[in-house]
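The values are calculated or read from the model by the stated rules, or taken from the named source; none is laboratory data. On a predicted model such as this, the values are computed, not experimentally measured, just so you know. Cβ sites come from the backbone with ideal geometry, for glycine too, and all protein chains shown count toward neighbours.
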Amino acid sequence: MAERALNDQFEFMRALVNETPHPIYVRDRNGLLQTCNDSYLQVFDVKREEVIGKSVNQMSMALASEAAQYHADYLRVVAEGNPLILDRSLHIHDKKLTIYHWILP
C-alpha cells in the first residue's frame, strides 16, 4: 500500500513537471544533464537521448561562449553552495531569448 502511494506520488510529480510549459532540467554535480521535461526538448529541438548525460558544452545548442559561461556557473554553484538566479541571454536557432535562469545547488 505504501509503495503504491509513493509510486502514485512520483508519477504525479513527473507528470506535473513534464506538462509544465517552461523548460525544466536537472544537472548533476558535474553539470551533466540528468533529466528534463518535454518543453526543454522542444525549445532546443533535441531528442532526450541526445542530451541526457551531457554538459551544456557538449550539446552545441547555444553559442560556445554562452555554453562555457553556463557550465562555469553550474560548477560554481555546486562548489560554493549558493544559488544563482538571473535573467540572461540565450541564442537558440538564430533567435535571441532572455530567460529567467535558476541554478540551485
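For the range 63-88, the tally of residues that are under 21 Å from residue 41 (Cβ atoms) and not aliphatic (A, V, I, L, M) stands at 5.
Among the residues of the range 1-21, the one identified as surrounded by 11 or more Cβ atoms within 10 Å (Cβ to Cβ) and part of a loop (DSSP other than H, G, I, E, B) is 20. Residues in the range 90-105 that are closer than 15 Å to residue 62 by Cβ, loosely packed, with under 13 Cβ neighbours inside 10 Å and touching a residue at least 12 places away in the same chain (Cβ under 8 Å): 93 only.
Among the residues of the range 77-89, just one is surrounded by 14 or more Cβ atoms within 10 Å (Cβ to Cβ), free of Cβ contacts under 8 Å to residues at least 40 places away in the same chain and part of a helix (DSSP H, G or I), namely 77. Listed conditions (1) of a type in the set (D, E, K, R); (2) at pLDDT 95 or above; (3) outside any strand (DSSP E or B) are all met by residue 66, apart from (2).
Of all residues in the range 27-55, those that are assigned to a strand (DSSP E or B) and either among the aliphatic types (A, V, I, L, M) or surrounded by 17 or more Cβ atoms within 10 Å (Cβ to Cβ) (or both) total 3.
Can you tell me which residue among 43, 56, 26 is modelled with pLDDT of 90 or more and in contact with a Pro (Cβ under 7 Å, 6 or more places away or on another chain)? Step by step, each of 43, 56, 26 is checked, and only 43 is modelled with pLDDT of 90 or more and in contact with a Pro (Cβ under 7 Å, 6 or more places away or on another chain). For the range 18-50, which residues satisfy the criterion of being within 17 Å of residue 101 (Cβ to Cβ) and among the hydrophobic types (A, V, I, L, M, F, W, C)? Residues satisfying the conditions are 24, 26, 33, 36, 43, 44.
A single entry from 82, 57 fulfils the requirement of being closer than 21 Å to residue 28 by Cβ and over 14 Å from the mean Cα position of the chain (by Cα): 82.
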